[in-house]
1. Would you pick out the residues in the range 126-138 that are in a loop (DSSP other than H, G, I, E, B) and either touching a residue at least 12 places away in the same chain (Cβ under 8 Å) or surrounded by 23 or more Cβ atoms within 10 Å (Cβ to Cβ) (or both)?
2. How many of the residues in the range 186-225 are open to solvent by 40 Å² or more (accessible area, probe 1.4 Å) and in a helix (DSSP H, G or I)?
3. Can you tell me which residue in the range 75-107 is surrounded by the most Cβ atoms within 10 Å (Cβ to Cβ), limited to those that are within 25 Å of ALA259 (Cβ to Cβ) and not small (Gly, Ala, Ser)?
4. Out of all the residues in the range 208-226, is one or more without any contact (Cβ under 8 Å) to a residue 40 or more places away in the chain and under 21 Å from LYS334 (Cα atoms)?
5. Looking only at the range 42-51, decide whether some residue is in a strand (DSSP E or B), crowded, with 22+ Cβ neighbours inside 10 Å and touching a strand residue (DSSP E or B) at 6+ places or on another chain (Cβ under 7 Å).
6. I need the full set of residues from the range 226-246 which are open to solvent by 40 Å² or more (accessible area, probe 1.4 Å), among the charged types (D, E, K, R) and either touching a Cys at 6+ places or on another chain (Cβ under 9 Å) or not in a loop (DSSP other than H, G, I, E, B) (or both), in order please.
Amino acid sequence: MGLARSYEKTLHGTPGHEILEVSAGGRPVSTLELEAAQPGSNLTLTIDLNLQRVAEKAMTGKTGSVIAIEPKTGRILAFASLPTYDPNLFPGGIDPESWNYLNTAEEKPLLNRAMRGIYPIGSTYKPFMALAGLELGAVTADYVLNDTGVFQVGNHKFRDVTGSPKGLLSLRKSIAVSSDIYYYWLATQLGVDKIHDFMQQWRFGAKTGIDLVGEQTGILPSRDWKEARFKEPWYVGDTPSLGIGQGYNAFTLLQLAHATATLANRGIIMTPHLVDKIENPVTGESIKVDAEPTGKIPLKDANLDVVIAGMTDVTRTGTARSVFQGAPYSVAGKTGTAQVISIAQDDRWDEKKVSRKHLDHALFIAFAPARNPRIAMAVLVENGGFGARAAAPVAKELMDYWLT
């Protein structure tokens with residue numbers, strides 16, 4: 001699996017051969033042809049070993065994933081999926097007991113959660129929804145919505161996860177305080193197909209092109225998708241949940257990290273990659289794997305500035321302020337809490353009364369420094385509860401190491 005599979009031909013080299021003339025008795029007489037074996041090339045990775053160690057240590061005892069990317073180049077700096085397994089169990093044939101454990105363990109250590117796990121991404125979707133609203137003219141930066149704690153469609157009430165109203169909100173403040181009501185409303189203003197077309201540019205619901213085999217696509221819903229999948233039309237009540245990264249939305253953490261890096265890069269798309277250079281072990285010559293931009297999402301600077309300002313407020317005055325208080329660098333971030341099980345509209349959530357596997361997933365996206373980003377990342381802690389409590393502190397540890 002992994003890079004050993006993706007770069008098999010590069011790493012393997014080519015075998016040599018010798019053709020011999022032999023006597024009737026089978027003894028070698030002379031060499032007719034000789035071709036020496038060619039050793040495979042060496043790979044130098046983009047992964048920073050110390051940052052990888054920080055990521056894995058920060059996730060000790062947790063189930064989930066961390067991906068850190070250098071926005072300007074697409075170089076992946078850390079790529080962790082926890083819990084993991086010891087690959088040294090496999091060469092020579094794995095013993096039945098170990099194989100049985102890896103395949104049946106509830107925590108699924110064989111699953112590469114970074115690019116094969118598919119999740120709702122919760123409120124980390126909101127900055128991208130905000131950009132969609134601004135770019136497509138569904139909302140303006142100075143429009144103010146009154147968050148009453150409830151958004152009603154027909155007879156159904158969509159509630160804020162906190163259960164309390166947040167009052168009058170501009171778009172920037174809606175990101176900082178993570179208003180669900182604002183984004184239920186915005187999703188209905190846009191409609192599913194406009195959301196789909198805008199988000200498709202960010203590679204949500206599509207492969208990012210990473211140099212690994214087995215990347216999953218996830219689901220970016222549309223009317224056509226629902227019709228093909230369920231043989232049902234798209235209902236008005238299907239739309240509001242899309243605005244908060246729930247509903248039919250299901251993405252990989254790699255897609256979320258890639259989109260965050262693209263946002264940090266102000267719409268310039270760099271393909272995420274793990275190999276930095278390929279080296280010939282005989283000559284010592286190396287070929288640098290320089291990624292070129294693969295596209296640019298057309299975004300107005302003013303709209304980007306508003307959304308990034310809202311994300312910066314998240315870590316200064318908003319939902320992640322306690323985690324980044326006193327940090328010597330500026331961070332644009334967004335917390336996310338993704339619901340795992342459905343809750344009846346008039347029920348109240350009490351995490352003390354449900355099993356751990358039914359707790360919400362905790363997420364956090366961020367890039368820093370906010371105005372000239374050197375690192376962008378996405379963190380997922382499965383069943384970790386609130387993103388600010390479980391996922392943001394992991395990101396803080398990585399940023400402390402990388403930036404200070």
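The values are calculated or read from the model by the stated rules, or taken from the named source; none is laboratory data. In this text the structure is predicted, and so the values were computed from the model without any measurement. No Cβ is skipped: glycine too gets one built from the backbone with ideal geometry, and neighbour counts run over all protein chains shown. Side chains included, ligands, DNA and RNA excluded: accessible areas come from the protein's heavy atoms. Shrake-Rupley method; radii C 1.70, N 1.55, O 1.52, S 1.80 Å.
1. Let us first name the residues in the range 126-138 that are in a loop (DSSP other than H, G, I, E, B), namely 136-138.
Listed by number, the residues that qualify are LEU136, ALA138.
2. Number satisfying all stated conditions: 9.
3. If we filter the range 75-107 for residues that are within 25 Å of ALA259 (Cβ to Cβ), which is where we start, we get 75-82, 84.
Pick out the ones that are also not small (Gly, Ala, Ser) and you get 75-77, 79, 82, 84.
Values: ARG75: 22, ILE76: 28, LEU77: 23, PHE79: 26, LEU82: 22, THR84: 14.
Only one residue tops the list, namely ILE76.
4. Filtering the range 208-226 for residues without any contact (Cβ under 8 Å) to a residue 40 or more places away in the chain gives 217, 220-226.
Now narrow it down to the ones that are under 21 Å from LYS334 (Cα atoms): 220.
For the range 208-226, residues without any contact (Cβ under 8 Å) to a residue 40 or more places away in the chain and under 21 Å from LYS334 (Cα atoms): present.
5. Step one: filter the range 42-51 for residues in a strand (DSSP E or B), giving 42-45.
Filter again for crowded, with 22+ Cβ neighbours inside 10 Å, leaving none.
Checking the range 42-51: not a single residue is in a strand (DSSP E or B), crowded, with 22+ Cβ neighbours inside 10 Å and touching a strand residue (DSSP E or B) at 6+ places or on another chain (Cβ under 7 Å).
6. Within the range 226-246, GLU227, ARG229 meet the criteria.
Yes or no, residue by residue, for (1) part of a strand (DSSP E or B); (2) over 19 Å from the mean Cα position of the chain (by Cα):
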| site | (1), (2) |
| --- | --- |
| LEU20 | yes, yes |
| GLY25 | no, yes |
| VAL54 | no, no |
| GLY117 | no, no |
| THR124 | no, no |
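The rows are residues; the columns are (1) basic (Lys, Arg); (2) modelled with pLDDT of 95 or more; (3) more than 30 Å from GLN38 (Cβ to Cβ).
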residue	(1), (2), (3)
PRO281	no, no, no
GLY284	no, no, no
LYS300	yes, yes, yes
LEU304	no, yes, yes
ARG316	yes, yes, yes
VAL323	no, yes, yes
PRO328	no, yes, yes
ALA332	no, yes, yes
VAL340	no, no, yes
